[in-house]
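Q: Here it is: the structure, laid out below.
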Amino acid sequence: MSIDIYEYKTAEITVLYADVSKLDISKEYPQLSQYRKEKIKKLKQKKDKKLSLGAELLLINAVKLYCPKIFLPLEIETNQFGKPMIKGADNLNFNLAHSQDIAVCAISDKPLGVDTEHISRVSEKIRDRYFTENEKKLDFGYIWTRKEAVVKAEGTGITVGLD
């Protein structure tokens, strides 16, 4: 893999992250799941393609390290809400995120969500609509990434609400 991968690990969760700006799409593309290849085909911007590619490369790396019995390329399917899962890996939960040049992958045997955001401006509209009065006093990015991670962990999409 042509990126430096960093790891953060607790007793229950492993998070891998990397700067994917220098990824060579053509070199890394063949090892991707069909699911990811289809997603990348739909993306217009090269930067977005690299972010999507990088997120799955992190997942592949995590699977190689922690779930060596899962064969590559990954077979990814989605639940009725579109949340991706690795076929045949019922006890492996993962979640991917990316923003700016950073891709993130979190894995665990428990449901989880992860998010990363590059906050260039605070959306007062989002803050007013989805933040409690106590949350409005805190850092926007701190609260927003946590809200998104919880929604992603639920696996039902925005239907659970952000409030």
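The values are calculated or read from the model by the stated rules, or taken from the named source; none is laboratory data. Nothing here was measured: the structure is a model prediction, and the numbers come from that model. Using ideal geometry, Cβ is built from the backbone for each residue, glycine included, and neighbour counts are taken over all protein chains shown. To get the accessible areas, we keep the full protein, side chains included, count just its heavy atoms, and leave off ligands, DNA and RNA. Shrake-Rupley method; radii C 1.70, N 1.55, O 1.52, S 1.80 Å.
Q: With every protein chain left in place, what is the accessible area per residue of the range 35-145 in square angstrom, probe 1.4 Å?
A: Accessible surface, normalised per residue, equals 60 Å².
Q: Quick check: pseudo-label points 7 Å beyond the Cα along Cα→Cβ at Thr78 and Thr14, how many nm apart are they?
A: Between Thr78 and Thr14, the label points sit 2.7 nm apart.
Q: Right, here's the next one. Name all residues of the range 1-17 having a backbone nitrogen under 17 Å from the label point set 7 Å from the Cα of Asn91 along its Cα→Cβ direction, giving them as ranges.
A: 11-14
Q: Past 32 Å, Cα to Cα, is the threshold; run Lys64/Lys152; Lys9/Lys50; Lys50/Lys152; Lys87/Lys125; Lys47/Lys125 against it and keep the listed order.
A: Lys87/Lys125
Q: Could you please report the charge total around Ser26, scoring K, R as +1 and D, E as -1 over all other residues with beta-carbon less than 13 angstrom from its beta-carbon?
A: It works out to a net charge of +3.
Q: Given the -39500 (n - 2.57) contribution per DSSP H run of 4+ residues, what per-residue ellipticity at 222 nm results for the chain, rounded to the nearest 500 deg cm²/dmol?
A: The helix-only estimate for the chain comes to -11000 deg cm²/dmol at 222 nm.
Q: With a Cα-only, solvent-free Debye model of the chain, what are the log10 I(q)/I(0) values at q = 0.12, 0.16 Å⁻¹?
A: Treating every Cα as an identical point scatterer, log10 I(q)/I(0) equals -0.55, -0.97.
Q: Rounded to a whole number, what % of the accessible area of the chain do carbon and sulfur atoms account for, probe 1.4 Å?
A: Carbon and sulfur: 50 percent of the exposed surface of the chain.
Q: Based on the mean of other beta carbon atoms within 10 Å per residue, what is the order of 31-39, 98-106, 118-126, 49-57, most packed first?
A: The packing order, highest mean first, is 49-57, 98-106, 31-39, 118-126.
Q: If you average the alpha carbon positions of the range 112-145 and of the range 34-66, how far apart do those two centres end up, in angstrom?
A: Centre-to-centre (Cα) distance: 26 Å.
Q: Specify whether the C-alpha gyration tensor of the range 113-152 places it in the rounded, prolate or oblate class, a ≥ b ≥ c being the square roots of the eigenvalues: rounded for a/c under 1.5, otherwise prolate if a/b is larger than b/c and oblate if not.
A: Oblate, since a/c reaches 1.5 and b/c is not below a/b.
Q: At 0.36 nm per residue, and after removing the present C-alpha to C-alpha distance, how many nm does the segment from Arg129 to Tyr6 gain when stretched out fully?
A: That works out to 40.8 nm of additional length.
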